[in-house]
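Enquirer: Sending over a structure as structure tokens; questions will come in a sec.
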Amino acid sequence: MRGTAMYVDRSATRPGPADWFTGTVWMEEIAAGAPPSRVRASTVRFAPGARTAWHSHPLGQVLHITEGVGRVQCAGGAVTEVRAGDTVHIAPGESHWHGAAPDAFMTHVAIQEAAPDGTAATWGRHVDDAEYAGEAPVREHLATADLGGAAPVDRVETHRITLAPGQVAGRHTHPGGVAGYVTAGRVAFQLEGGAVEELRAGSAFVEPPGAVVLRFDNLEPDRPATFIACYPVAGGEPLLRPL
């Protein structure tokens, strides 16, 4: 019984709820820690083709694959094959799904910690067949640019920009703001009032309308840096104003 130094749980295997899973799934609770512990752990066995719905965990999750072949995917990422012995680490709040391969069973131990209010998972829609097969488009969110009440936008211009080796952009501002991402090289980026950030290939950045850009400098002395920039433009406003 609980409250002694040791006790034994005899947990029953139960079917996975239809709201949480597609296909045939069996679950068995391993641990539901008594307060102050909020640890949750369970063994989940998926029949071939079975998978979870999209979901997230407030404090993240660890999956350890104990049997078979499976698939996992985080929002914006590719479908990844996993096998017995693999351990998958899922970040707090990261939307994801996991399940068995089409032609194999898969069993994993799922370990997560509940939030203070007791929430261990937030469930979303079911994973459709195209997503499961890895055939759906993968959309990775890079950045959201808040226009902050700027003038109505007539158009958005997209530019590929190259900084020569060691080139600095100088102090400037963008009347309509800019959102972009670095495609090659390393760039020192700093907005007025903020710290210097190092951007690398794949890094996204946002410069709000009217923000003063102190640095956007190529850190590479012997090779160019390139980036894509999207500029919201209103009327005859320039894309950039040097300061």
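Enquirer: Looking only at the range 51-65, decide whether some residue is closer than 22 Å to A130 by Cα, touching a strand residue (DSSP E or B) at 6+ places or on another chain (Cβ under 6 Å), in contact (Cβ under 8 Å) with a residue 40 or more places away in the chain and of a type in the set (A, V, I, L, M).
Expert: Pass one, the range 51-65, residues closer than 22 Å to A130 by Cα: 51-56.
Going one step further and asking which of them are touching a strand residue (DSSP E or B) at 6+ places or on another chain (Cβ under 6 Å), we end up with 51-56.
Restricting the remaining residues to those that are in contact (Cβ under 8 Å) with a residue 40 or more places away in the chain gives 51-56.
If we keep only those that are of a type in the set (A, V, I, L, M) too, we end up with 53.
Yes, the range 51-65 contains a residue that is closer than 22 Å to A130 by Cα, touching a strand residue (DSSP E or B) at 6+ places or on another chain (Cβ under 6 Å), in contact (Cβ under 8 Å) with a residue 40 or more places away in the chain and of a type in the set (A, V, I, L, M).
Enquirer: Now, a different point. Among (1) assigned to a loop (DSSP other than H, G, I, E, B); (2) over 23 Å from G76 (Cβ atoms); (3) touching a residue at least 24 places away in the same chain (Cβ under 8 Å), where does I161 come up short?
Expert: (1)
Enquirer: Condition first: in a strand (DSSP E or B), buried (at least 19 other Cβ atoms within 10 Å of the Cβ) and touching a Lys or Arg at 6+ places or on another chain (Cβ under 7 Å). Now tell me which residues in the range 174-195 satisfy that.
Expert: V182, F189
Enquirer: Restricted to the range 223-243, and to residues that are in contact (Cβ under 8 Å) with a residue 24 or more places away in the chain and more than 33 Å from the chain's Cα centre (by Cα), which residue is farthest from V153 (Cα to Cα)? Spell out how you get there, then give the answer.
Expert: Our first condition is that a residue be in contact (Cβ under 8 Å) with a residue 24 or more places away in the chain; within the range 223-243, this holds for 223-235, 237-243.
Restricting the remaining residues to those that are more than 33 Å from the chain's Cα centre (by Cα) gives 235, 237-238, 241-243.
Values: G235: 8, E237: 10, P238: 12, R241: 17, P242: 21, L243: 23 Å.
The extreme case among them is L243.
Enquirer: Condition first: open to solvent by less than 30 Å² (accessible area, probe 1.4 Å) and hydrophobic (A, V, I, L, M, F, W, C). Now tell me which residues in the range 201-211 satisfy that.
Expert: F205, A211
Enquirer: Further question on the same structure: Can you list residue pairs whose Cβ atoms sit under 7 Å apart, with the first residue in the range 109-133 being on the phi < 0 side of the Ramachandran plot and the second being open to solvent by 40 Å² or more (accessible area, probe 1.4 Å) and small (G, A, S)? Count only pairs 6 or more apart in sequence or on different chains.
Expert: Every condition considered, the pairs that remain are G124/S95.
Enquirer: Quick check, is E198 of a type in the set (D, E), open to solvent by 30 Å² or more (accessible area, probe 1.4 Å) and either in contact with a Cys (Cβ under 7 Å, 6 or more places away or on another chain) or not in a strand (DSSP E or B) (or both)?
Expert: Numbers: of a type in the set (D, E): yes; open to solvent by 30 Å² or more (accessible area, probe 1.4 Å): yes; either in contact with a Cys (Cβ under 7 Å, 6 or more places away or on another chain) or not in a strand (DSSP E or B) (or both): no.
Against the criterion (of a type in the set (D, E), open to solvent by 30 Å² or more (accessible area, probe 1.4 Å) and either in contact with a Cys (Cβ under 7 Å, 6 or more places away or on another chain) or not in a strand (DSSP E or B) (or both)), E198 does not qualify.
Enquirer: For the range 51-66, check the following and say yes or no: at least one residue is charged (D, E, K, R) and closer than 28 Å to R10 by Cβ.
Expert: Step one: of the range 51-66, the residues charged (D, E, K, R) are 51.
Okay, now just the ones that are also closer than 28 Å to R10 by Cβ, so none.
Scanning the range 51-66 turns up no residue that is charged (D, E, K, R) and closer than 28 Å to R10 by Cβ.
Enquirer: Of the numbered conditions (1) in a strand (DSSP E or B); (2) under 30 Å from H96 (Cα atoms), T226 satisfies every one except a single condition; which is it?
Expert: The number of the failed condition is (2).
Enquirer: Suppose the filter is more than 19 Å from G60 (Cα to Cα), among the small types (G, A, S) and open to solvent by 40 Å² or more (accessible area, probe 1.4 Å); does A75 pass it?
Expert: On the way: more than 19 Å from G60 (Cα to Cα): no; among the small types (G, A, S): yes; open to solvent by 40 Å² or more (accessible area, probe 1.4 Å): yes.
Answer is no for this residue.
Enquirer: In addition: Of the numbered conditions (1) over 20 Å from the mean Cα position of the chain (by Cα); (2) open to solvent by less than 50 Å² (accessible area, probe 1.4 Å); (3) within 19 Å of F189 (Cα to Cα), A143 satisfies every one except a single condition; which is it?
Expert: (1)
The values are calculated or read from the model by the stated rules, or taken from the named source; none is laboratory data. Everything numeric here is computed off the predicted structure, so don't read it as measured data. Cβ: placed from backbone, ideal geometry, glycine included. Neighbour counts: every protein chain shown. Quick note on the areas: whole protein, heavy atoms, side chains included, nothing else; ligands and nucleic acids left out. Shrake-Rupley method; radii C 1.70, N 1.55, O 1.52, S 1.80 Å.
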